[in-house]
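A.B. asks: Please read through the structure below; I'll follow up with questions.
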Amino acid sequence: MRQTEISPSILSADFANLKNEVESVEHAGVKSIHLDIMDGHFVPNISFGPVVVKSVRQITDLALWAHLMITDPESFVDPFLKAGVNGIVFHIELDIDHSQIIDYIKGNNIGCGIAVNPDTDIRKIEPLLEFVDRILIMSVYPGFGGQKFIENSLNKISELRNFIEGLKLNTLIEVDGGVNADNAGIIAEAGADILVAGSAVFGHSGGPEQGVRAIYNSLIHREYHEK
């Protein structure tokens, strides 16, 4: 049975208390941190850059994956490499040489992924599947946290799972947007390997550690009842 992981997005964290926030999710057993990088052009918001990522790197050994929601990802691969990321995800919607940036990222011995917006046909990334480590399916419109999960994303996840299995690849499926303890099970069932969660983790009434555990418990509960 495929084990679904949770990757907390620190976009929803309390940046005045970032060290404790990261340590809390680390105690909950997560393996990675999701970094939402926004430039105010590709998406209508600005988040943070390599300086903050470098600070996160200094407080955790967890894998750091940078999701570049920016118009010029080629110019920022090196700065984020120096900041200590373990993987970089860029968007298929960008008018760039996708193969070239994949080769550059992978050539620096870190992971590479491609993100797909809600309105983008999943078949657009099929020719690149074998060259990347993961596909990030956006289940909300990128740019802001706290949005509701778009239900027809489940069809996209299932379609991508069929592509991957049909090609006998090990490419992971990551889902970002509106993930919480109520829908984590059906998202995992559709084929997701990694669930990005922001508000459901860092906005949980019991704190980030309990937020992660609530999602993990919902996954375990669903698997138990399916058996």
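Laboratory data are not the source of any read-out in this text; all were calculated from the coordinates shown. The shown structure was predicted, so the numbers you read here are calculated from the model rather than taken from an experiment. Here Cβ is always computed from backbone atoms with ideal geometry, including for glycine, and neighbour counts include all displayed protein chains.
A.B. asks: Treating the beta-carbon of each Lys and Arg as +1 and of each Asp and Glu as -1, no other charges, what is the dipole magnitude of the chain about its Cα centre, to the nearest 20 debye?
C.D. replies: 440 debye
A.B. asks: Add -39500 (n - 2.57) for each DSSP H run of 4 or more in the chain, then divide by its residues: what number comes out at 222 nm, to the nearest 500 deg cm²/dmol?
C.D. replies: It comes out at -10500 deg cm²/dmol, rounded to the nearest 500.
A.B. asks: If you filter region 139-227 for GluC sites (Glu not before Pro), then keep DSSP loop positions with at most 16 other Cβ within 10 Å, what is left?
C.D. replies: Those satisfying the criteria are GLU151.
A.B. asks: Continuing with this model, one more query. Considering the options GLY178, ASN20, PRO44, tell which one lies farthest towards the positive end of the dipole of the chain, charges being +1 on Lys and Arg and -1 on Asp and Glu at the Cβ, about the Cα centre.
C.D. replies: ASN20
A.B. asks: Something else about it: Between SER205 and ASP72, what FRET efficiency comes out of the Förster formula 1/(1 + (r/R0)^6) with R0 = 35 Å and r the beta carbon distance, rounded to 0.05?
C.D. replies: The value I calculate is 0.35.
A.B. asks: Right, something else. Show me, for region 10-17, the HN-Hα J-couplings you get by feeding each phi into the Karplus relation (A = 6.51, B = -1.76, C = 1.60, θ = phi - 60°), rounded to Hz, glycine and proline as x.
C.D. replies: So the J values, rounded to whole Hz, are 6, 4, 9, 7, 7, 5, 6, 9.
A.B. asks: Each residue of region 129-142 in order: what ³J(HN,Hα) in whole Hz does its phi give by Karplus 6.51 cos²θ - 1.76 cosθ + 1.60, θ = phi - 60°, with x for Gly and Pro?
C.D. replies: Coupling constants for region 129-142: 4, 6, 9, 10, 8, 7, 10, 9, 8, 7, 9, 9, 7, x Hz.
A.B. asks: Can you list residues from other chains, or at least 5 along the same chain, whose modelled amide H is less than 5 Å from the amide H of ALA115?
C.D. replies: Under 5 Å from the amide H of ALA115: PHE90, HIS91, ILE92, LEU136.
A.B. asks: Fully extended, how many nm does the chain gain between ILE186 and GLU23 (0.36 nm per residue separation, minus their Cα-Cα distance)?
C.D. replies: 55.9 nm
A.B. asks: Using a cut-off of 10 Å between beta-carbons, work out the net charge of the residues near PHE163 (Lys and Arg +1, Asp and Glu -1, PHE163 not included).
C.D. replies: -1
A.B. asks: Further question: Less than 12 Å Cβ to Cβ from VAL53, Lys/Arg counted +1 and Asp/Glu -1: what total charge do the surrounding residues give?
C.D. replies: The answer is +2.
A.B. asks: Additional query: Going through region 91-198, which trypsin sites (Lys or Arg not before Pro) have at most 15 other Cβ atoms within 10 Å and a DSSP loop state?
C.D. replies: Here the trypsin sites (Lys or Arg not before Pro) that fit, given the DSSP loop and packing criteria, are LYS148, LYS168.
A.B. asks: Let me ask something else. Hey, fewest Cβ within 10 Å first, where do ILE6, ILE122 land in order?
C.D. replies: ILE122, ILE6
A.B. asks: Could you calculate the contour length gain from VAL52 to LEU169, that is, 0.36 nm times the residue separation minus the distance between their Cα atoms, to one decimal place in nm?
C.D. replies: Result for the pair: 38.7 nm of gain on full extension.
A.B. asks: Tell me the net charge near ALA66. Cut-off is 15 Å between Cβ atoms, ALA66 excluded, with +1 for each Lys or Arg and -1 for each Asp or Glu.
C.D. replies: Net charge around ALA66: -3.
A.B. asks: If you take the square roots of the eigenvalues of the alpha-carbon gyration tensor of region 5-226 and sort them as a ≥ b ≥ c, do you get rounded (a/c under 1.5), prolate (a/b over b/c) or oblate?
C.D. replies: Oblate shape, in that a/c is at least 1.5 and b/c is the bigger or equal ratio.
A.B. asks: Further, regarding this structure: Could you pull out the trypsin sites (Lys or Arg not before Pro) across region 17-65 that fall in loop regions by DSSP (anything but H, G, I, E, B) with no more than 15 other Cβ atoms inside 10 Å?
C.D. replies: LYS31
A.B. asks: Oh, and also: Just want the answer: with Cβ charges of +1 for Lys and Arg and -1 for Asp and Glu, which residue in ILE194, GLN210, ALA115 is farthest toward the dipole's positive end in the chain?
C.D. replies: Toward the positive end, the furthest listed residue is GLN210.
A.B. asks: Where the centroid of each part is defined by its Cα atoms, how far is region 170-203 from region 58-93 in Å?
C.D. replies: 20 Å
A.B. asks: Please compute the length gained on full extension between GLU151 and PHE131, using 0.36 nm multiplied by the number of residues separating them and subtracting their Cα-Cα distance.
C.D. replies: 4.4 nm
A.B. asks: Right, another one. R0 = 41 Å: FRET efficiency of ASN217 with HIS41, Cβ-based, nearest 0.05?
C.D. replies: 0.55
A.B. asks: Ok, one more. Using the Kyte-Doolittle scale, which helices in the chain average at least -1.0 and also have C-alpha atoms spread 18 Å or more along the helix axis, with helices defined as whole DSSP H runs?
C.D. replies: 153-166
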